[in-house]
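Here's the structure, in structure tokens; my notes come after.
The values are calculated or read from the model by the stated rules, or taken from the named source; none is laboratory data. Keep in mind that what you see is a predicted model, and the values were worked out from it rather than measured. We place every Cβ from the backbone using ideal geometry, glycine too, and count neighbours over all the protein chains shown. We work out accessible area using only protein heavy atoms, side chains counted, and drop any ligands, DNA or RNA first. Shrake-Rupley method; radii C 1.70, N 1.55, O 1.52, S 1.80 Å.
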Amino acid sequence: MIIMSVDLGAARTGVAVSDPGEGFAFPKGVIHQRDRNKLVEELARYAAELSAQMIVVGYPKNMDGSAGFKAQECAETAELIRTATGLPVELWDERCTTVSAHTALNYTDTRGKKRKNVVDAVAAVMILEDFLRYRKGRG
């Protein structure tokens, strides 16, 4: 199954996709959009182009496991994505993925504008890799 993941942000949203065998996650890009409705349209277009069969949306819980304002906003957007695409949409705990993405980019010495343009896609890859490990462990 091809699974697309989304790391929602206020200005930039990262997108990643799995291979059909669910073994690998690949960055697909960053959408620069602040308007939620336009963002959902773009994500629906990505899902169709990538032949996604499921979408995983990062769910930014607080460190204590509670769901704050940002998590609620992501859940609402996930529901809009579900409606726009007709695909199953899963919320996935994304605590620390952006920090991990920055750490990974430190190892590759990715800096400046290039870093800003890829960090959200890298975070989407990390969300998807975690979700794929979970699915593999269940089967």
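Rounded to the nearest percent, how much of the accessible area of the range 1-40 (1.4 Å probe, protein heavy atoms only) is carbon and sulfur? C and S atoms contribute 53 percent here.
So, with +1 on the Cβ of K and R and -1 on the Cβ of D and E, and no other charges, what is the size of the charge dipole of the range 1-42 about its Cα centre, to the nearest 20 debye?
220
Measuring spread by the Cα atoms of the range 12-82 yields a radius of gyration and Dmax of 13.0, 37 Å.
Ordered by 1.4 Å accessible area with all protein chains kept, 61, 38 run largest first as 38, 61.
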